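A quick write-up on the structure given underneath.
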Amino acid sequence: MVTLRDALAAAVGHHQAGRLDAARPLYHSILRSQPGHPDALHLLGVLESQSGRPGAALPLLRRAVALLPGDTDFLGNLARTLRAAGQPDAAERAFARTAALDPGDAQIAFTLGALRLERGDAAGAAAAFAQALARQPDFAEARINRANALAALGRAEDAARLRRQAVALAPAHPDALHNAAVSALADAGLDRPLSHARRLDPELVDRAGHALTHALAADPRHGAAADALIGTALSLVQAGQAPPWLLDRAARTALTVLRRNPRDTRAAAVVAYRFYRQGRTDLASRFMRRFARRFTAAEVAADFELRLWSMVRAGRRALDGLPDADALLGAFPPLELLADPPAGSGPLLAVSCDDGYYRRFATGLLDSVELAGGGVAVHVHIVNPSPETLADLARRRERLRLSCSRERVDFTGWDDHRRTTYYACVRFLRWHQLMTLWGRPLLHLDADCTLAGGLDALAALLDGADVGLLRDARWRGPTREITVCFAAFQPTPRGRAFLASTAAYIGAFLREGRGFWMLDQAAPFAVLDALERRGEGPGVRWFDVLDFPWVRFIGEK
């Protein structure tokens, strides 16, 4: 005769061997004979949970726990099933009861901590992980997660210490390496808004980068480490502080990420910046154009990197099909000359802005021109000038060699981004018009700067050049390499051609509604790249954006 004990042993044997369909009827037969059999209730509940049927499992597990409320195995399995069933409140209560009954079970305390951390209870999570570590001090994952909980509580130093300890305990553990990298990046200052004017500690950056690469070597599919490496590379590129080795490693990781997620724009941008860093912006722009076909025009406009790269056309053929600059002028409001420049062939300091920028900044620039003396001739172009601005320009003409022009634009329905992009970019079409009209050198300046003194030495340095450009040599990207807070255009054949092509490049994007912020810097880069590859490049006098003593720039450039 088969006893209940024999039937239970047979059911457990099938269960442990993975023969769930054989174990299930045996558990049911036991419960028909003894409906309150706690082990059969518990084990059948576990079986149903393993079969992906938490709804069937929970009543069985609850009955088992009611019969033996002090059994930690029963409680633990109930807690796990509640969590799987999407009942986090009940799961947390069950895990907490289990941890209280058996404070020596490190895994239960760890699971309780993980659940609390998922739910945003960093303090409760930290306490649970501390309990796990008290029982099992070499529990690397508990140390990692306690570090994350402490970081969420603002205890950065304690979190960093625990992360270092976790790496020492498990030097090949990808989570430990990822967390160590996060701490190093925070110590370096990458957790705060980063600008290229604030230098990071290169040793900490290297330490973090190597930790992330080791984490990915241990687990190539470690999503958090891949995301951190790609995000770090992008931030460092934009700040001009990306070590070549880190960008190379991030680009290789990005290609792997793109195979899993073909629409990851940050990963694609890292690949493009690597091409750019290698001097192959033509490959970068083609890669990003193909990648962008996966997105709608609205999606491109909404994504920072897609916007930037949509404006970059590099390589010999980048200017093919570009309309003539003069042919594009009809798509824009007419240029109205209000006052002609003084007679002569000397350079004109060319400044363009809207009425608000004129009152905020350009008046200060004009004051500095007056203080510098030397008879500098200035041309100011204003978009939608107010009567007060026109009156101020008239007064200044009594003291300065000043000419001016305007255009009137209906901005109804334009958002701030489109409007400020227009202000920044249309000036190059106007400089092309004025170069054609007057044939004089133009020294273009942003309105939000001031002269540091006379410009005679600067003008002398431009002798023999076709253009003068400011370069940021820190490999920050094709929309940041040529910084147009200053540019000089000479009325030589190649100087005129460069300015005309830059104006046409900008005008084509604006006319088609695809112009975004930094188009004014993408255009001269792309034009120069194309002309040089075709052997038609202008003679450029380069200046360093970080060492340009003639002008005081406001803000970052």
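Between residues in the stretch 1-23 that are surrounded by 13 or more Cβ atoms within 10 Å (Cβ to Cβ) and residues that are acidic (Asp, Glu), which pairs lie under 7 Å by C-beta distance while being six or more apart or on different chains?
Leu8/Asp39
With the requirement that a residue be within 19 Å of Leu31 (Cβ to Cβ) and surrounded by fewer than 20 Cβ atoms within 10 Å (Cβ to Cβ), what does the stretch 72-85 give you?
Result: Asp73, single match.
Here are the criteria: (1) at pLDDT 95 or above; (2) in contact with a strand residue (DSSP E or B) (Cβ under 6 Å, 6 or more places away or on another chain). Tell me which single one Leu390 does not satisfy.
All conditions pass for Leu390, except number (2).
May I ask you to say which residue of Val380, Val409, Val376 is surrounded by 13 or more Cβ atoms within 10 Å (Cβ to Cβ), without any contact (Cβ under 8 Å) to a residue 60 or more places away in the chain and of a type in the set (Val, Ile, Thr)?
Within the list Val380, Val409, Val376, the selection yields Val380.
May I ask you to list the residues in the stretch 306-323 that are of a type in the set (D, E, K, R) and in contact (Cβ under 8 Å) with a residue 60 or more places away in the chain?
Residues satisfying the conditions are Arg307, Arg313, Arg316, Arg317.
Is it the case, given these coordinates, that Arg199 is assigned to a loop (DSSP other than H, G, I, E, B) and closer than 24 Å to Arg274 by Cβ?
Considered against the rule, which asks whether it is assigned to a loop (DSSP other than H, G, I, E, B) and closer than 24 Å to Arg274 by Cβ, Arg199 comes out as yes.
Residues of the stretch 97-132 being in a loop (DSSP other than H, G, I, E, B) and in contact with a Gly (Cβ under 9 Å, 6 or more places away or on another chain), which ones?
Asp102, Asp105
Of the residues Gly537, Gly495, Gly515, which single one is open to solvent by less than 10 Å² (accessible area, probe 1.4 Å) and either in contact (Cβ under 8 Å) with a residue 24 or more places away in the chain or within 28 Å of Ala460 (Cβ to Cβ) (or both)?
Just one listed residue meets the conditions, Gly495.
What single numbered condition from (1) assigned to a helix (DSSP H, G or I); (2) within 33 Å of the chain's Cα centre (by Cα); (3) modelled with pLDDT of 95 or more fails to hold for Thr420?
With respect to (1) assigned to a helix (DSSP H, G or I); (2) within 33 Å of the chain's Cα centre (by Cα); (3) modelled with pLDDT of 95 or more, Thr420 is out only on (3).
Please state which one of Pro69, Pro103 is more than 37 Å from the chain's Cα centre (by Cα), within 20 Å of Asp39 (Cα to Cα) and open to solvent by 60 Å² or more (accessible area, probe 1.4 Å).
Just a single option satisfies the conditions, and that option is Pro69.
Being of a type in the set (Phe, Trp, Tyr) and modelled with pLDDT of 95 or more is the requirement here; does Phe553 meet it?
Considered against the rule, which asks whether it is of a type in the set (Phe, Trp, Tyr) and modelled with pLDDT of 95 or more, Phe553 comes out as no.
Exactly one condition in (1) open to solvent by 30 Å² or more (accessible area, probe 1.4 Å); (2) under 26 Å from Leu283 (Cα atoms) is not met by Asp463; state its number.
Tallying (1) open to solvent by 30 Å² or more (accessible area, probe 1.4 Å); (2) under 26 Å from Leu283 (Cα atoms), Asp463 fails exactly one: (2).
If the requirement is being in contact with an Asp or Glu (Cβ under 9 Å, 6 or more places away or on another chain) and modelled with pLDDT of 85 or more, which of these qualifies: Gly124, Gly113, Gly120?
Step by step, each of Gly124, Gly113, Gly120 is checked, and only Gly124 is in contact with an Asp or Glu (Cβ under 9 Å, 6 or more places away or on another chain) and modelled with pLDDT of 85 or more.
Given the stretch 260-370, what helices (runs of 4 or more DSSP H) lie entirely inside it while holding 3 or more residues that are of a type in the set (S, T, N, Q) and surrounded by fewer than 16 Cβ atoms within 10 Å (Cβ to Cβ)?
Correct list: empty, since no element meets the threshold.
Run down Gly209, Gly154, Gly240, Gly231 and say which single residue is touching a residue at least 60 places away in the same chain (Cβ under 8 Å) and either part of a helix (DSSP H, G or I) or not charged (D, E, K, R) (or both).
Gly240
For the stretch 30-45, state whether one or more residues are among the hydrophobic types (A, V, I, L, M, F, W, C), at pLDDT 85 or above, crowded, with 18+ Cβ neighbours inside 10 Å and under 30 Å from Arg135 (Cα atoms).
Yes, there is a match, as at least one residue in the stretch 30-45 is among the hydrophobic types (A, V, I, L, M, F, W, C), at pLDDT 85 or above, crowded, with 18+ Cβ neighbours inside 10 Å and under 30 Å from Arg135 (Cα atoms).
Kindly indicate which of Ala130, Ala140, Ala152 is modelled with pLDDT of 85 or more and either open to solvent by less than 50 Å² (accessible area, probe 1.4 Å) or within 29 Å of Gly70 (Cβ to Cβ) (or both).
Ala130
The values are calculated or read from the model by the stated rules, or taken from the named source; none is laboratory data. Just so we're clear, the structure is a prediction, and the values are computed from it rather than from any experiment. We place every Cβ from the backbone using ideal geometry, glycine too, and count neighbours over all the protein chains shown. Side chains included, ligands, DNA and RNA excluded: accessible areas come from the protein's heavy atoms. Shrake-Rupley method; radii C 1.70, N 1.55, O 1.52, S 1.80 Å.
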